[in-house]
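A quick write-up on the structure given underneath.
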Amino acid sequence: MTEKAPNPPPMVDIRNLWVKYGNFVAVRGISFVIPRGEVFGFIGPNGAGKSSTIRILATLQQPSAGYVRVDGVEVRQDPMKIRRKIGYMPDSFGLYEGLTVREYLHFFAAAYDTGEDRRDRLVDDVLTLTDLKHKIDTQVDGLSRGMKQRLGLARVLLHDPELLLLDEPASGLDPRARIEVREILKELSRMGKTILISSHILHELSQFCTRIGILEAGRLMTEGSLEEIYQRLGLMQLVHVQVLGTTDELAAHLRQIAGVEAVDVQSDRLSIRVRAESLPPEDLLDHIRAFGARVRMFQPEAMELETAFMKLTEGTTA
Amino acid sequence: MKRRFKMMRLPILTKDLLERASRKRTYIIRFSYGLFLFVFACTLFYGNIGVSAEAGQALGRGAQHFALLMSIQLAVLYTLVPILAAGAIAAEKQQDTLALLLVTTLTPWQIVLQKFAARTASILSFVCLSFPLLAITYTFGGVTPAELVLGMFGLIASCLQLGALAILCSAYFRTTAQALAVTYVVFLILRFISSNAFLQPPGVAGIIFATFTALICLAVAAGVLVDRAFVQSRNYLLEFFRGLDRFFEQLNVLTGGVVLVHDRGFLPGRAPIQWRETRKKSLGTFRYLFRVLVVLEFPILFCIQLMRFSTNASNLDDGGLVALLDMLWIASVALVALHAASLISEERSHQTLGVLLSTPLPSRRILAEKLSGVRRLTFVLMVPFATIFLFEKWWYSRSSWDYVVLSALTVVIYLTVIRWTALAIGLRLPNQLSAIIGAISVIGLWVGGLALAGPLMSYLNIDLPPLENTIRAMSPVDMILAVQHSATYAVTRNGALSPWETSPAATVLHFVFYATLGFGLQWWCRRSADRYLGRIPEPQAPERWELEAAALETAPRLSVNVD
């Protein structure tokens, strides 16, 4: 009988994390887990605490309270070990003036202590992946913003990290550059990297993130796979209904139905909040028809990431 | 309402003055300086004789008091005005806010004049602080009303001239640091053109010249404001050296490709930061440092040759060489302090530090490698020092090696202390400009304060010999001068003794103190590196978080946290 190997710890495990700057509380007791190989999208308005959380994972900042593990290692226990496992790309970063792309990447390859005999091949590989090979002898300060972002991605890949921490990697980029960065991230995801990415561009995140965390005012409003979040938010899915004739009686009837959370009688319609898992929209329609109402409009709100974000956040900051 | 309307017509001036008024440090600095000036003046006026019947002895001393107060005011003005004014427009460029001003209906003249008025208004309050004291010097006698009025106008004119020059540099250059450095250099040149006495107020011609140059500077600043609004940051020193590279490469065509110094190491090996500091920085690259060495060494060798071949009977006078030595000290301290203070703060300003700190390079190693360029610069600076010391040893034919050993100790120990002091300040302060100003201020106050405290105590008749002796014993400037004089006066004044010969214990104590200070700063920087660089330090001992973590291990996990 062979002994079963123990399950590896999740790549990121954050519990009850608090971050304070003097009297200002940036992060208020958030907890979440990122399993290996997942692409975790970190969403939130400016000042929500995303960058603070990412900086702690990058070992650049002490948590005020709580517990942050990367691959089973607490950030305060062995930060040097964590630095070897992560690739960190901050939201705004500078590039050393006077260096070429080749020199810049060799600089960081040396900083990660990779063997000198391997560096040429590594640099070649990451430049191929980020489509910058033709710029290898260009000065880094002469690159366009999109190219600088791709060079930043090439840098974080040099030491083959298990976890990529990308803080707003697509901010300020033109549409073409954004698409290029997105394609690189998809490729990295296919390569099995665990990625924590914060962004404001929700539509793009929804295309390749396997899990999402929505942060506002330092609080994690929700976290889980997209399906889980949709389902969770679907518990209170909004359905707009227009019927002919009196609506008050219909509203009173609907309130009796299991799964209907609330019915709001408006001037031209009923806004019905339903728990989708116990009362799908099609069943609600059947109930309305069974009541004898003639339906002019039946419109369940489409649940997209942007809708979820807008529903969960109020635009407040910590 | 009418007043508000008037204020709104000067929006930049209003904003700048409100910003300054809301800062606590504005009042702290003004109060501290006012307190210093008035306590100093009271000591000056009444310290010697009090207000007793012998007060009549002070009559006629007004001219001395007046000159001293004017010197202090001018020294403060020369230091503070560029610091206050150089960032006026350059900071707007760095924060990308100048464009917002340019798209308003404000003309370049209005922007420049309002910036100028805002920055000089606060410094004029410093100037006005001394007016009552200057008036008191008049009551002592020795100062005419015309001199008094001229002195006051001279102070104001100097303030306006320097402020306008700083505004011009601020409008022209991209960064505050560049504007600040160029302001100081150009102002020194202007002062030498207009007057020989540096810390004396300008006369009538000087006031006219200062006012005229201030107007010219403001006009040029308004003229270049738009053209230079979006200029990119440039490293002028590096560009100058690269220009020289191209020139020498062209010359090499004629000489058949002679290369004296080959820069080895095309790509970083095992020490990437050291590679960058010594390969890619203007004050770290060997080839460029060699040029700095030539610039420093050439006048020294020239002066030595003049002394050697002089047929004059007073050829033992080494005044020219001593002047060069003084300039070498000032240049060395400034270069080492600027370079060391910029090491970390530059990475912060350029937003490259976060990425570097996320690599597994230990913080101590980052500091050590960062300092490699400064160490190399220090070694290069030691060559002209050694040239002067060895020449003087030979020239004055001193039998003992005291002079050379003590001189070498001053260079090695003081430059090491300055290197670590500037690095420590750069570690603590958030940006390059504040780090440079902080380092220069701390070093200037320390060195200048100790050098001036002794003479000032004598001047004020403060009779505390133990304190005065201790201050003189700890003063680096006094030590340098004492060592220098021991060489020169050995011949010219019948054998002046070196500090080692006069007081070996005090000499040893002096160097031990500064060596310990250097090691202490080095230890502190390495120990505090993680904390001040901004990364999680290596664990030293079990901490509170470990207990919390243990408690959380047993607690049920929440995947979603909803308050």
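Bear in mind that the values in this text are calculations on the coordinates, not laboratory data. Quick caveat, the model's predicted, so the values are computed rather than measured. Here the Cβ is made from the backbone with ideal geometry for all residues, glycine too, and neighbour counts use every protein chain on show.
If R0 is 60 Å, what FRET efficiency do you get for A:D286 and B:V226 from their C-beta distance, rounded to 0.05?
About 0.30, to the nearest 0.05.
Would you kindly derive the ³J(HN,Hα) couplings of segment A:44-51 from the backbone phi angles with the Karplus curve 6.51 cos²θ - 1.76 cosθ + 1.60 (θ = phi - 60°), listing them in order in whole Hz, with x for Gly and Pro?
x, x, 4, x, 7, x, 5, 5
Just to confirm the number: angle between the C-alpha axis of helix A:281-290 and the first principal axis of chain A, 0 to 90 degrees, nearest 10?
Around 10 degrees separate the two axes.
Could you run the Karplus curve 6.51 cos²θ - 1.76 cosθ + 1.60 with θ = phi - 60° over segment A:37-43 and give me ³J(HN,Hα) per residue in whole Hz, x for Gly and Pro?
Once θ is set to phi - 60°, the couplings for segment A:37-43 become x, 7, 10, 9, x, 9, 10 Hz.
Along each of the three principal axes of the Cα atoms of segment A:100-249, give the extent in whole Å, ordering the values from largest to smallest.
Largest to smallest, the principal-axis extents are 79, 29, 28 Å.
Per-residue mean of other chain beta-carbon atoms within 10 angstrom of the beta-carbon, peptide A:61-71?
3
Once you have the Kirkwood Rh of segment B:269-535 from its Cα pairs, apply Stokes-Einstein at 25 °C and 0.890 mPa s and quote D in µm²/s.
D = 122 µm²/s.
Hey, any idea what the orientation-averaged projected area of the convex hull of chain A's Cα atoms comes to, in nm²?
In nm², the orientation-averaged hull projection of chain A is 23.2.
In peptide B:361-370, how many Cβ atoms from other protein chains are near each Cβ within 10 Å, on average?
The per-residue average across the peptide is 1.
A:R145 to A:S225: FRET efficiency via 1/(1 + (r/R0)^6), r the Cβ-Cβ distance, R0 30 Å, to the nearest 0.05?
The value I calculate is 0.40.
How are the alpha carbon pair distances in the protein assembly as shown distributed across 10 Å bins from zero to the largest one, expressed in percent?
Bins of 10 Å from zero give 2, 9, 15, 19, 18, 14, 10, 6, 3, 2, 1, 0, 0 percent of pairs.
So what's the angle, to the nearest 10 degrees on a 0 to 90 scale, between helix A:175-190 and the longest Cα principal axis of chain A?
So the helix axis and the longest Cα principal axis differ by about 80 degrees.
Relative contact order, percent, of segment B:11-224 when contacts are C-alpha pairs under 8 Å separated by at least 6 residues?
30
As an exercise, identify the trypsin sites (Lys or Arg not before Pro) in segment B:83-164 lying in DSSP coil whose Cβ has no more than 15 other Cβ atoms within 10 Å.
none
Hey, rough spin-label estimate for A:V295 and B:N461, points 7 angstrom out along Cα→Cβ, what's it come to in nanometres?
10.7
Any idea what the relative contact order of chain A is, in percent, if you count C-alpha pairs under 8 Å spaced at least 6 apart?
21
Set the bar at 20 Å for Cα to Cα. Now go through A:K81/B:K370; B:K15/B:K93; A:K85/A:K148 and name every pair that lies beyond it.
Where the Cα-Cα span goes over 20 Å, the pairs concerned are A:K81/B:K370; A:K85/A:K148.
Restricting to Cα pairs below 8 Å that are 6+ residues apart, what does the relative contact order work out to for segment A:235-312? Please round to a whole percent.
41
Measure of size requested: the Rg and Dmax of segment A:235-312, with Cα atoms as the atom set and Å as the unit; please supply both.
Values for segment A:235-312 (Cα only, Rg and Dmax): 12.1, 36 Å.
Just need log10 I(q)/I(0) for segment B:336-396 at q = 0.15 Å⁻¹, Debye formula, equal scatterers on the alpha-carbon atoms, no solvent, rounded to two decimals.
Calculated log10 I(q)/I(0) at the listed q: -0.59.
With charges set only on the Cβ (+1 for Lys and Arg, -1 for Asp and Glu), what does the dipole of segment B:11-224 come to about its Cα centre, in debye to the nearest 20?
The dipole magnitude comes to about 400 debye.
To the nearest 20 debye, what is the magnitude of the charge dipole of the protein assembly as shown about its Cα centre, counting +1 on the Cβ of each Lys and Arg and -1 on the Cβ of each Asp and Glu?
That gives the protein assembly as shown a dipole magnitude of about 1140 debye.
Fully extended, how many nm does the chain gain between B:Q351 and B:F248 (0.36 nm per residue separation, minus their Cα-Cα distance)?
Full extension of this stretch gives 33.6 nm more.
When every alpha-carbon pair in segment B:132-257 is counted, what percent end up more than 18 Å apart?
66
Which longest uninterrupted range of chain A lacks any GluC sites (Glu not before Pro) assigned by DSSP to a loop state (not H, G, I, E or B) and surrounded by at most 13 other Cβ atoms within 10 Å?
My reading of the result: A:4-276 is the longest stretch.
Going by how many other Cβ atoms sit within 10 Å of their own, how do B:S130, A:S206 line up, fewest first?
Neighbour counts put them in this order, fewest first: A:S206, B:S130.
Taking each residue in A:83-96, count the Cβ atoms of any other chain within 10 Å of its Cβ, then average. What number comes out?
The per-residue average across the peptide is 4.
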